[in-house]
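A short write-up of the structure that comes next.
The values are calculated or read from the model by the stated rules, or taken from the named source; none is laboratory data. Quantities reported herein were computed from a predicted structural model and do not represent experimental measurements. Positions of Cβ are backbone-derived with ideal geometry, glycine not excepted, and every protein chain shown enters the neighbour counts. We work out accessible area using only protein heavy atoms, side chains counted, and drop any ligands, DNA or RNA first. Shrake-Rupley method; radii C 1.70, N 1.55, O 1.52, S 1.80 Å.
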Amino acid sequence: MSDLFRAPKGTFDLLPPDSELWLYVREVMAAPLRRAGYGYVETPIFEETALFERGVGESTDVVSKEMYSFVTRGDDHVTLRPEGTAGVVRAAVQHRLYAGQLPAKLWYSGSFFRYERPQAGRYRHFSQVGAEAIGVDDPALDAEVVALGAQAYADLGLTQVRLLLNSLGDRECRPVYRERLQEFLRGLDLDAETRRRVEVNPLRVLDDKRAEVQKQVADAPVVGDSLCDDCRAHYDAVRTHLTDLGVVWEEAPRLVRGLDYYTRTTFEFQHDGLGAQSAVGGGGRYDGLSEDIGGPAMPGVGWALGVDRTILALRAEEVAPPAPPRCDVYAVPLGAEAKRRLLQLVDALRREGVSADLAFGDRGLKGAMKGADRSGARLAVVLGERDLEAGEAQLKDLGSGEQVAVPLEEIVTVIKEKLS
Ligand code: AMP
C-alpha cells in the first residue's frame, strides 16, 4: 500500500459530499458580483514568469520563494499562477479593454499555486474567487468592491469576519514613507535576512509575524501619517462611501499585503477562528500595475477571497452548509429487459427535471434496495419479470414503505405527482 500515489504534499482531493461545499461557496461569492455587472473571465493557469516578477514584485515572498516556475520544452519560462490579478490585468491590456466601457468589471474563480510550507489553511494548491474593476480611479468603485466582498461573507452566513482597511499611498507619497520607515527599521536589532529586507521591501517587515519583530516595530511610523493630499482625499471618500453602504471596518494602519502592486486602498478580511492563517480574503487598488507590465496607465481595484479558508471559517462558526442535492427516484431493475426499460425511465425523469438514478451492476433485489436507501431517494421503482408481463412497475415510498403497482405508461406522471 505504501507505494500508492497520493495527492502531492500541500494539496488535497475534493470528493463528494464535501466537494459540494466548494461549489456552493464559489457560487455564493460570485453571486453579488454578477448582480453588480461583473463578467466572468478565465485566463491561463500559467503565464510568463516575468509577468509575476514585474507585476507582483521580485522582492515579495510570493515571487522570490513560492512560485512554481519552470522552463518548457520550447524554452519558455512560465509559472503556475500564484495569484489572479496580474493575469487579469495582462488580459485587459492585451485585449485593450481600456478602449471599451469602463470600468471593465471582471470576476474569476480557479486554482492558484504557491510553494508554501503546508499547514492548516495554507496549501500549495488553493482556490480563490476574485473580482477586478479596471480602468477607473473612483473611490466609489473601491467601496463597491469592498462591499461586494463583505456581502459574500454575509450571504454565506458568516458573522465573525472582520474587515481591516488601510491606505498604502501612491507613487508620490509611498517613497517618502518608505524612507521614513527604513530609517526607523535600520535602528532596530534585526537578523541579517530581515535587515536585507529592510533595504529591499521595508513594508514587508511590518508584516513579520515573529513576536520579537512585532515588539520592535510597534512604534514604527505608519503610512497614514505620510499620505499626500490626493491619497488622503481618496481614502476619506472610500470611507464615506463604505459608511453609506453600512459596511463595518476597522482601521488597520499597519496592514500591508504580500503583493507589491497595491496602492492606496488596501484591505483584508480576517476570521479569528482560524489560528495563524486568519486572512480569508484581501485586496486593494493597484493603479500602477498595468504600466509595470508594459501596458497603458490603467487604474484598478479588486480582491481575491480564499475558498478553502472560507470553508474553514464556515466550519469554525458551525454554519450548516445547504444539504447536497439528492436523488429523488432510484430505479431497481431485475433482469436485462427491466434494465433497458428503467434506463429509459431514468432518462425520461431526468429530462422532466426529476433527479433519478439506477442500480447499475447486477446486484439482486436486496443489494439494489440497499443502494436505494443509501441514495437518499424518496421513491424506488422496482421492475421484475412479472411486472414487465403485467405492464406495470412497483413504486415504493422509501419513507413509509408503502408500495403500489403503477402502469408503466403512467409512471412518469405518477412519480411527478408524488414528488410535488
Ligand atoms: P492573497 O493573494 O495572498 O492576498 O490571498 C488572498 C486569499 O487567498 C487569502 O486571504 C487566503 O484566503 C487565500 N490564500 C492565499 N494563499 C493561500 C494558500 N497558500 N492556501 C490557502 N489559501 C490561500
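Sort through 377, 372 and tell me the only one that's touching a Phe, Trp or Tyr at 6+ places or on another chain (Cβ under 8 Å) and assigned to a loop (DSSP other than H, G, I, E, B). Steps first, answer last, please.
Numbers: 372 fails: assigned to a loop (DSSP other than H, G, I, E, B).
Answer to the check: 377.
State which residue is most open to solvent (accessible area, probe 1.4 Å) when the search covers only segment 122-151 and only residues that are charged (D, E, K, R) and assigned to a strand (DSSP E or B).
The residue in question is 122.
Show me the helices (runs of 4 or more DSSP H) found entirely inside segment 1-87 where at least 1 residues are at pLDDT 95 or above, surrounded by fewer than 12 Cβ atoms within 10 Å (Cβ to Cβ) and of a type outside the set (S, T, N, Q).
In segment 1-87, 19-35 are the helices (runs of 4 or more DSSP H) which contain 1 or more residues that are at pLDDT 95 or above, surrounded by fewer than 12 Cβ atoms within 10 Å (Cβ to Cβ) and of a type outside the set (S, T, N, Q).
Kindly establish whether residue 370 is out of contact with any Asp or Glu (no Cβ under 9 Å at 6 or more places or on another chain), away from the ligand (no atom under 16 Å from the Cβ), modelled with pLDDT under 95 and closer than 30 Å to residue 22 by Cα.
In short, yes.
Scan segment 307-324 for residues that are open to solvent by less than 50 Å² (accessible area, probe 1.4 Å) and more than 16 Å from the ligand (Cβ to nearest atom) and jot them down.
Selection gives 319 alone.
Which ranges mark the strands (runs of 3 or more DSSP E) fully within segment 257-364 that have 1 or more residues being of a type in the set (Asp, Glu) and out of contact with any Phe, Trp or Tyr (no Cβ under 8 Å at 6 or more places or on another chain)?
On the way: elements: 263-271, 279-285, 300-306, 329-333, 356-358.
The qualifying strands (runs of 3 or more DSSP E) are 263-271.
With the structure loaded, tell me whether residue 101 is open to solvent by 50 Å² or more (accessible area, probe 1.4 Å), on the phi < 0 side of the Ramachandran plot and at pLDDT 95 or above or whether it fails that test.
Judged against the criteria, residue 101 is a match.
Name the one entry in 224, 295, 283 that is modelled with pLDDT of 95 or more and away from the ligand (no atom under 12 Å from the Cβ).
295
Return the total of residues in segment 220-256 being outside any helix (DSSP H, G or I) and touching a Phe, Trp or Tyr at 6+ places or on another chain (Cβ under 9 Å).
Just the residues of segment 220-256 that are outside any helix (DSSP H, G or I), to begin with: 220-222, 227-228, 245-256.
With touching a Phe, Trp or Tyr at 6+ places or on another chain (Cβ under 9 Å) added as a condition, the list becomes 220-222, 227, 249, 252, 255-256.
Of the residues in segment 220-256, 8 are outside any helix (DSSP H, G or I) and touching a Phe, Trp or Tyr at 6+ places or on another chain (Cβ under 9 Å).
Enumerate the pairs (first residue in segment 112-124 and closer than 17 Å to residue 270 by Cα; second residue anywhere and near the ligand (Cβ under 6 Å from one of its atoms)) with beta-carbon separation below 8 Å, excluding pairs fewer than 6 apart on the same chain, so at least 6 apart or on different chains.
The qualifying pairs are 121/308; 121/309; 122/116.
Does at least one position in segment 37-52 carry a residue that is at positive phi, more than 10 Å from the ligand (Cβ to nearest atom) and touching a Lys or Arg at 6+ places or on another chain (Cβ under 7 Å)?
Going residue by residue through segment 37-52, those that are at positive phi are 37.
Of the ones still in play, those that are also more than 10 Å from the ligand (Cβ to nearest atom) are 37.
Those still in the list that are touching a Lys or Arg at 6+ places or on another chain (Cβ under 7 Å) too: 37.
Scanning segment 37-52, I find at least one residue that is at positive phi, more than 10 Å from the ligand (Cβ to nearest atom) and touching a Lys or Arg at 6+ places or on another chain (Cβ under 7 Å), so the answer is yes.
Which residues, taken from segment 88-103, are free of Cβ contacts under 8 Å to residues at least 60 places away in the same chain, of a type in the set (Gly, Ala, Ser) and not in a loop (DSSP other than H, G, I, E, B)?
Matches in segment 88-103: 91, 99.
Search segment 190-202 for residues that are modelled with pLDDT of 90 or more and pair each with any residue that is among the hydrophobic types (A, V, I, L, M, F, W, C) and not in a helix (DSSP H, G or I) when their beta-carbon atoms are under 8 Å apart and the residues are at least 6 apart or on different chains.
So the pair list comes out as 198/190.
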